[in-house]
Amino acid sequence: MSTINDVAKEAGVSKTTVSFVLTGFRPVSKETEAKVRAAMDKLGYVANHSAQSLSTSKTNTIGVITSNRQGAYFELARGTYINWLSKAATNAGYDMLIVNDPDGTATANVCQSHKADGLIFLDVRRQDPRIPFAAKSGIPTVCLGVPDDWMDLDVVDTDFGHAASSIIGKLASEGHTNICLITLPQPILDQKLNDTFRFIQSAKRTSQRLHLALSIRTCTTDAENIENEVADILSTQTETTAYVIQNESAILVFHHLLETNNIPVPQQYSVVVSCEKQMSDALYMPFSALQNDVKLVTETALRTLINHIKHPNRRPQFKLLQGQYVDRDTVAPISPKTGSPTRTCRTAGGRTPSC
């Protein structure tokens with residue numbers, strides 16, 4: 001097996017420089033770090049983190065602390081974040097420890113036992129019980145979400161408030177004044193997850209400012225009941241001309257029901273969804289979307305955390321990243337004469353919808 005001396009020789013640097021790249025104990029230039037990592041890849045070198053931790057008091061491990069979101073939809077969403085965090089951690093030379101902690105107890109244990117050099121919180125709630133333990137311990141921590149009180153921890157997240165206001169503003173600019181927001185089920189809203197709360201509050205404020213009628217409908221993520229709930233929403237929102245969907249489980253079911261009932265989009269309804277870019281790409285999302293990039297957010301969170309580990313006395317960072325609007329031609333203007341969407345026939349799904 002290759003050794004640290006082999007890496008140093010291949011990269012043309014000292015053994016100490018290789019050690020600095022591996023541990024982050026001292027900064028090295030980007031050019032030097034690139035040469036060292038290229039040599040490691042070429043030689044198949046794997047760092048012995050156990051040996052490093054004995055000599056540097058560092059574990060070279062990032063703790064990812066999840067919460068108690070349940071159900072297939074949430075496991076899929078959480079898995080997307082964990083996947084990209086794992087890739088980013090590996091690229092930075094760190095191992096990753098995953099801990100589920102709904103009440104802060106496991107966070108306290110990780111902090112007290114020094115199992116990780118830093119923490120990243122997923123599934124952040126408005127009043128998150130994990131935050132006081134991390135703040136008290138002094139361990140570098142990034143909240144991947146915005147709690148009401150982040151207690152001088154780092155915060156990185158998608159700007160869900162901007163996403164909601166952008167979507168509502170887009171629909172308003174096309175003349176829509178009666179909009180339905182389909183969001184997550186009430187038990188999830190009761191958990192006070194920060195991203196959903198910020199999206200809904202921003203949608204409400206923007207609608208009020210623009211004098212729009214906004215109906216907010218919760219919808220299950222349960223496979224057995226979701227089709228009936230989406231169908232009920234479609235049948236009862238009689239004045240609605242535009243839908244905003246912030247429930248990824250409901251998006252494809254919504255599209256299926258529109259297709260089944262020969263309801264053309266955007267001729268009858270305009271539709272915009274809020275979703276993760278990676279899921280949108282994988283599922284061939286059929287609607288225009290304001291997409292948050294999980295890869296970008298997780299890489300930013302990890303860089304922020306490593307920077308804090310290397311510079312423990314720096315000021316806490318607060319970063320909200322804006323999503324990207326992707327136009328898939330599912331928004332149409334309201335006809336000023338009829339108050340209905342402009343019904344210009346388009347070919348969709350291999351057939352011409354009736355107008």
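Among the residues of the stretch 112-147, the ones that are on the phi > 0 side of the Ramachandran plot and surrounded by fewer than 19 Cβ atoms within 10 Å (Cβ to Cβ) come to 2 in all. In the stretch 30-42, the residues that are among the basic types (Lys, Arg) and crowded, with 17+ Cβ neighbours inside 10 Å reach residues that are at pLDDT 90 or above and part of a helix (DSSP H, G or I) with C-beta atoms within less than 7 angstrom, at least six apart or across chains, in these pairs: 35/11. What residue, of 218, 206, is modelled with pLDDT of 95 or more and either out of contact with any strand residue (DSSP E or B) (no Cβ under 8 Å at 6 or more places or on another chain) or among the acidic types (Asp, Glu) (or both)? When all the criteria are applied, what remains is 206. Scanning the stretch 304-353 for residues that are modelled with pLDDT under 90, of a type in the set (Val, Ile, Thr) and surrounded by 13 or more Cβ atoms within 10 Å (Cβ to Cβ) turns up 334, 342. Note on the stretch 168-245: enclosed strands (runs of 3 or more DSSP E) holding 2 or more residues that are of a type outside the set (Gly, Ala, Ser), under 21 Å from residue 291 (Cα atoms) and open to solvent by 20 Å² or more (accessible area, probe 1.4 Å) are 213-218.
Within the stretch 277-296, track down each residue that is touching a helix residue (DSSP H, G or I) at 6+ places or on another chain (Cβ under 9 Å), surrounded by fewer than 23 Cβ atoms within 10 Å (Cβ to Cβ) and not small (Gly, Ala, Ser). Passing the criteria: 277, 278, 279, 283, 285, 286, 291, 293, 294, 295, 296. Consider the stretch 3-52 and keep the residues that are among the basic types (Lys, Arg) and either under 17 Å from residue 95 (Cβ atoms) or part of a loop (DSSP other than H, G, I, E, B) (or both). The one that is modelled with the highest pLDDT is 37. Checking each residue in the stretch 253-275 for being open to solvent by 20 Å² or more (accessible area, probe 1.4 Å) and within 19 Å of residue 196 (Cβ to Cβ) picks out only 253.
The values are calculated or read from the model by the stated rules, or taken from the named source; none is laboratory data. Everything numeric here is computed off the predicted structure, so don't read it as measured data. A quick note on method: Cβ atoms are made from the backbone with ideal geometry, for glycine too, and the neighbour counts reach across all protein chains shown. The area values use the complete protein model at the heavy-atom level, side chains included, leaving out ligands, DNA and RNA. Shrake-Rupley method; radii C 1.70, N 1.55, O 1.52, S 1.80 Å.
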